[in-house]
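Report on one structure; see the data block that follows.
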Amino acid sequence: MSDITNAYNNSSRPLKHHEELYLPPHLRELKTERNRSKKVWQRFRDPTSKNLFNRAQARFRNAMPELNQGMYNSQNEQLNIYDGTLWRRTKRLKSKRSEIAQLKNPGTNLPSHMDLEKAEIIADHLESQFTPNDFGDPNTERTVEKSIREFENEICTSKFKKQFGFTPQLSTTHQLLRVVEHINEGKNSNLATAAIFLDIAKSFHKVWIEGLIHKLIAYKFPQYIIEIIQSYLTNRHFTVLVKNSDSTPRKLQAGVPHGGILAPITFVLYMNDVPQVRNIMISLYADDTVILSQGKTPDKAIVPLQNYLKNLEAWLVRWKIKLNVDKTEAILFNKKNDDWPKVKVYGTPIECKKEVKYLGFVLDKQLNFRAHTSLIKEKYNKAFRAQYSLICRNSSLNLNNKVLIYLAYLRPILTYASPIWACTARSNLRSIQVLENKTLRMIANARWYHRNIDIRNALNVPSLQQFIQKLAKIFYGKLPDINNPEITNIPVYDHNDKQNRKRPRMTISLRVSPRTVAFLSLTFFCLRSFFTTF
């Protein structure tokens, strides 16, 4: 009987206790009038009482949205940055959360209703993820076991020059600059650049812990550091919590913990000894890997790339790293649009793309960054819709907080990696500037006759072009201070030379074209003449 009762309780939706909403006196009167007319109609059932009830119901329903809107406006007026309420509200609008859907038990192939069953199913899935890949090289495994048993205390002398992820002073923008300038140098030398973008499957989840300890020993880390990391990564367990139900503890046999202090650096150490070849450029940012090769013809660029991939495949198998071949992409940066032989990874040919996405940045074959500006607009519109209720014209949120939401949440979407792509065509820049203008006009509740420059001055917000130029000057000004040979090897050129107008450093000297200035002046003169006449 108890099993039947438990099954009934778990399959039934419990009634939620709702506190009675406070209603102002005039709404309580409307509610009382509605309830009274409803009882009269239910008692006599005549058309007149039905009509009175409908009218009372309509008056009450029309008054409720005004109450809800007033409560929402009063909450928005109280939002501020000092107690964190503004950031909590914007974060809740950014991400949508939903209840865990009904799961199917793989063992019984039946749906699960209980929270405990859901927790166990999720725990089973995660346990299968945190296990080493079931392939490898026996010789490497024996070497790893021997080195772990026999390692001694030595001094660390390794340096991580190729890896830009989780490294001080380096960011995604630095790695993107390195890749883009390498391609541009090839174009200036009439060289074709072939690139392949690798996708590592479950990179953090599948780190082979014994292999990582072996690499720490090979890097000659002190013994106490190795023992600390080994203790940190081994004999770890996890449980899954679904509401108030915990799954049974499961052991983590592989992987580094997400969000941990040591997780980024340990993963960098694990990926640092990727094979290096003289005529191949490798771009590493955590698990995002790009391999580039150049040649006078597409064929001559592909051959060394394919030879390198054979060595890389052996290295990946040796260290139990799996590639998502289906998500691996290739692209050829060449002035001509001729066909080229496909690169093969594990015997699977990789289709050539016209544009690829790397570190949240879209690289197209011609490097005109038109595709990336389209991605920026798509991302911005999505984030703008999420925050619309706070920054719209009718919002009661304080004007300073509206501007702060734009500066903290929306503008970074427009300016991500802008020192790289802002050398694009002026039409692309203007389309991005339009997004900022529309947002600021909405925030300031501006009318049609208010000029954008006056709005920006009143809000103390520089134009997007001025802000991007400021970011570029700071970014390129700090490059000489970074102690990294890969950064030092990035070519430096005169950004005022017109021959370099399509290269990233031209962002420093952004300026409005004379044609645009003339057009704006003529438009202003015509409008002034028109209004003077009337």
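The values are calculated or read from the model by the stated rules, or taken from the named source; none is laboratory data. Just so it is clear, the model here is predicted, and its values are computed rather than measured. We place every Cβ from the backbone using ideal geometry, glycine too, and count neighbours over all the protein chains shown. Note: areas computed on protein heavy atoms with side chains; ligands, DNA, RNA excluded. Shrake-Rupley method; radii C 1.70, N 1.55, O 1.52, S 1.80 Å.
Tabulated data for the structure shown
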item	result
Under Karplus coefficients 6.51, -1.76 and 1.60, residue-wise ³J(HN,Hα) of segment 351-362 in Hz, glycine/proline x	5, 7, 9, 7, 8, 9, 10, 9, 6, x, 10, 9
Relative contact order %, segment 344-464, counting alpha carbon pairs below 8 Å whose residues are six or more apart	23
For segment 298-306, 3J(HN,Hα) per residue [Karplus equation, 6.51 cos²θ - 1.76 cosθ + 1.60, θ = phi - 60°, Hz, x = Gly/Pro]	x, 4, 6, 7, 7, 4, x, 5, 5
Viscosity 1.306 mPa s, temperature 10 °C, Stokes-Einstein D of segment 23-65 from Kirkwood C-alpha radius, µm²/s	154
Between segment 295-357 and segment 220-237, the Cα center-to-center distance that results, in Å	36
The chain: calculated mean residue ellipticity at 222 nm from DSSP helix runs of at least 4, using -39500 (n - 2.57)	-16000 deg cm²/dmol
Rounded percent of accessible protein surface that carbon and sulfur make up, segment 216-369, 1.4 Å probe	50
DSSP bridge pairs, the chain: antiparallel proportion in percent, nearest 5	95
Positive minus negative residues near W319 (Lys, Arg vs Asp, Glu; Cβ under 9 Å)	+1
Only Lys, Arg (+1) and Asp, Glu (-1) charged, at Cβ; segment 299-347 dipole about Cα centre in debye	200
Net charge, R250 excluded, C-beta distance under 12 Å - Lys, Arg +1, Asp, Glu -1	-2
Under 5 Å, built H, 5+ apart or other chain: amide partners of R236	L252
Sequence-distant residues sharing a close amide H with L103 (under 5 Å, placed H)	S112
Correct choice for Cα Rg over 2.2 N^0.38 Å that was computed from the model, options [x] 1.29; [y] 1.01; [z] 1.23	[x]
Protein accessible area in segment 23-65, 1.4 Å probe - carbon and sulfur %	53
Student exercise, the chain dipole from Lys, Arg, Asp, Glu Cβ charges, in Debye to nearest 20	2940
Share of alpha-carbon pairs per 5 Å distance bin for segment 370-509, given as whole %	2, 9, 18, 19, 18, 13, 10, 6, 4, 2, 0
Residue-normalised accessible area of the chain, given per residue in Å² at a 1.4 Å probe	60
Listed residue pairs exceeding 29 Å between alpha carbons, taken from K353/K438; K215/K243; K91/K118; K335/K478; K438/K498; K296/K502	K353/K438; K215/K243; K335/K478; K438/K498
Among the listed pairs K300/K473; K320/K357; K202/K344; K31/K402; K187/K220, those beyond 30 Å (Cα-Cα)	K300/K473; K31/K402; K187/K220
Size of electric dipole in segment 23-65: Cβ of Lys, Arg +1 and of Asp, Glu -1, about Cα centre, debye, nearest 20	140
Cα gyration tensor of segment 45-88 - equivalent ellipsoid semi-axes, whole Å, descending	41, 7, 4
Relative contact order (%) - segment 23-65, alpha-carbon pairs under 8 angstrom, separation at least six	49
In Å, descending, principal axis extents of the Cα set of segment 138-364	57, 48, 38
Rounded to whole Hz, the Karplus (6.51, -1.76, 1.60) HN-Hα couplings of segment 284-289, x for glycine and proline	10, 9, 6, 9, 7, 10
Around L198: net Lys/Arg minus Asp/Glu count, Cβ-Cβ under 10 Å	-3
